[in-house]
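Here's the structure, in structure tokens; my notes come after.
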Amino acid sequence: MIRLSIALLAVLLALSGLRAAELRGHGGPIRGLAVGADGAAALSGSFDSTAIRWSLATSSAEKVMRFHDGAVNAAVLLPDGRAVTGGEDGRIAIWPEDGTRPERILEGHQGPIVALSLSPDGRSLGSAAWDGTARVWPLADEGTPRILEGHTGNVNGVAYLGSGEVATIGYDATLRIWPATGPVRVVNFPTPLNALALVPGRDRLAIGGADGRLRLVDAGGTILAEAEIAPTPVIAVASDGRRVAASGLRGAIAILSADDLAPERTLVGPGLPVWSLAFVPGSNELLTGGNDNVIRRWNAATGASLDSGIAEGVEDPLARYAGDPGAKVYRACVACHTLQPGEGVRAGPTLHGIMGRRIASLPDYDYSDAFSGHDIVWTPETVARLFEIGPHAFTPGTKMPEQTINRAADRDALVEFLVRATR
């Protein structure tokens with residue numbers, strides 16, 4: 001059905017002489033986004049478990065790729081036209097340019113893969129996963145990957161420096177820089193780290209934190225500049241060498257100077273939240289992937305939207321709960337869950353009616369097999385316990401991102417809010 005819809009849309013656009021700027025075709029939030037070095041093609045991965053190759057000249061889908069069991073979280077386009085995708089299933093698929101099935105599968109990670117990066121010479125691929133490791137995979141042969149171990153928790157980002165060294169960031173609030181030989185350099189931060197991008201041509205790293213701040217770091221790990229992006233975590237970062245783009249849960253995209261993170265402008269569209277970002281080489285264009293399943297196109301130099309019919313702003317789904325301490329805690333959950341009927345399903349199931357509901361019992365949500373195997377009824381006590389010890393400990397095998405609420409008062413406020421807001 002998706003292939004048929006995309007083909008029909010392309011025919012209608014061709015017949016009408018119109019050119020749509022938005023890239024539409026996914027059935028879920030856009031989690032991974034990449035653009036080829038020549039700026040002609042884009043590759044996206046979605047919570048709907050598919051990847052799509054797009055022509056940026058015609059704003060049309062060229063190929064829908066289905067392989068992964070779960071969300072496609074990371075995407076890379078190789079210089080020879082091949083595509084690479086990393087999934088929630090812990091596998092990496094390498095796709096021929098003209099094929100609909102992977103030509104090679106890289107396996108070894110024991111948790112969801114959330115980031116991929118291509119080495120400067122194009123000979124190896126870096127991957128970051130929630131099994132606590134990163135890996136370096138040789139692309140020219142079937143050689144054994146190098147396993148980078150040391151993070152104490154989810155590894156959320158990977159990038160190559162110009163020297164060929166590999167940088168990784170993690171939920172353990174560390175940046176680790178791995179030389180080809182010798183000891184790893186570890187840099188500690190005051191917050192868990194969520195997103196990582198190389199600033200091309202400058203050998204600097206742009207790092208997004210759970211504290212809503214963006215930091216510019218040199219190859220030695222020294223923080224050169226930092227800027228507050230939002231009161232919620234930064235979840236995506238990209239750079240074209242001149243600018244850095246950063247986005248968070250509220251849907252706004254900050255555009256900053258790559259020199260010192262001086263703010264230039266803010267882009268606001270209806271894609272709350274924005275999960276992925278990618279600059280188009282050789283232009284001022286920025287692609288953003290949102291929670292509304294749409295990839296949007298922007299002029300990062302002027303802030304102008306290249307899409308038609310774009311909304312002027314974003315309605316805050318928690319506006320009616322202003323000042324509520326429980327709603328303040330819940331704001332970190334709004335990216336994946338809705339509270340009321342009619343608001344639809346996001347990355348996670350709706351929380352409407354959650355109190356007294358048996359785990360994994362909604363008929364319109366595709367739960368993981370491991371999650372469905374638990375025997376839990378959601379009550380104020382079980383919800384509080386979930387966030388006290390973390391989802392991965394309380395419900396092993398869950399797709400839910402790992403997060404804990406350390407203060408009992410905050411857990412109590414969240415639970416009391418959910419009891420009221422999900423009736």
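Distance between the modelled labels on residue 320 and residue 381, one decimal in nanometres: 3.1 nm (7 Å Cα→Cβ projection). Over the residues of the chain, the helix contribution to mean residue ellipticity at 222 nm works out to -3500 deg cm²/dmol, using -39500 (n - 2.57) for each DSSP H run of at least 4. Considering only 349, 29, 233, the Gaussian network model of the chain with Cα springs below 10 Å gives its largest mean-square fluctuation to 349. At 37 °C and 0.692 mPa s, grab the translational diffusion coefficient of region 140-281 from Stokes-Einstein with a Kirkwood Rh over Cα pairs, rounded to a whole number in µm² per second. In µm²/s, the coefficient is 215. If R0 equals 22 Å, the separation of the Cβ atoms of residue 284 and residue 203 corresponds to a calculated FRET efficiency of about 0.45. Working value for the chain: equivalent-ellipsoid semi-axes of 31, 26, 23 Å, each the square root of 5 times a Cα gyration tensor eigenvalue, largest first.
None of the figures in this text is laboratory data; all of them are computed from the coordinates on show. Just so we're clear, the structure is a prediction, and the values are computed from it rather than from any experiment. Neighbour counts run over all protein chains shown; Cβ positions are idealised from the backbone, glycine included.
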